[in-house]
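To keep things clear, I will list the structure first and then write my remarks on it.
The values are calculated or read from the model by the stated rules, or taken from the named source; none is laboratory data. Every value quoted in this text rests on a predicted model; they were computed, and no experiment measured them. Neighbour counts run over all protein chains shown; Cβ positions are idealised from the backbone, glycine included. To get the accessible areas, we keep the full protein, side chains included, count just its heavy atoms, and leave off ligands, DNA and RNA. Shrake-Rupley method; radii C 1.70, N 1.55, O 1.52, S 1.80 Å.
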Amino acid sequence: MTPPDRRLADVPLPDGPAAIDGTRRPVPPPVSPPVPPPVRRGADPAVQEALGAIVAEVLGLDAVGPDDDFFALGGQSLLALSLLARVSEELGVTLTVRDVFEAPTVAALAARLPAAVPSP
């Protein structure tokens, strides 16, 4: 049992993980997360602006930038369905929920619009 006059801060910690034979090795440096690929900016600015306005309205925000993530701003799957319905109404194209999950920013989603199926 630890004496009451010793605190956790007083206990020396080892330098790194111990091997089976008791030797210590240094802790390896942390691995950096992969850098996401750059977003293509090929979409029409007017379409991107209209899509940004729809996203902002669905999320109840004043404005949304082209690189703002739908889910980081409070979006979730039910709001994604509302977004898809509004995009279909206002832009006349049908996107899928998968499109929103794979391209959650306005710029990335706008880049998918040319490949979207026109709404009936």
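Data overview
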item: Amide hydrogen neighbours beyond the local backbone of T105, cut-off 5 Å, H modeled; result: F70
item: Accessible heavy-atom area order of V47, V31, V64, highest first, probe of 1.4 Å; result: V31, V47, V64
item: Extended-chain gain in nm, criterion 0.36 nm per residue less alpha-carbon gap, R86 and R98; result: 2.7 nm
item: Only Lys, Arg (+1) and Asp, Glu (-1) charged, at Cβ; region 44-93 dipole about Cα centre in debye; result: 200
item: Heavy atoms of L59: accessible area, 1.4 Å probe, square angstrom to 10; result: 30
item: Distant-in-sequence amide H partners of T94 (H built 1.01 Å from N, under 5 Å); result: V117, S119
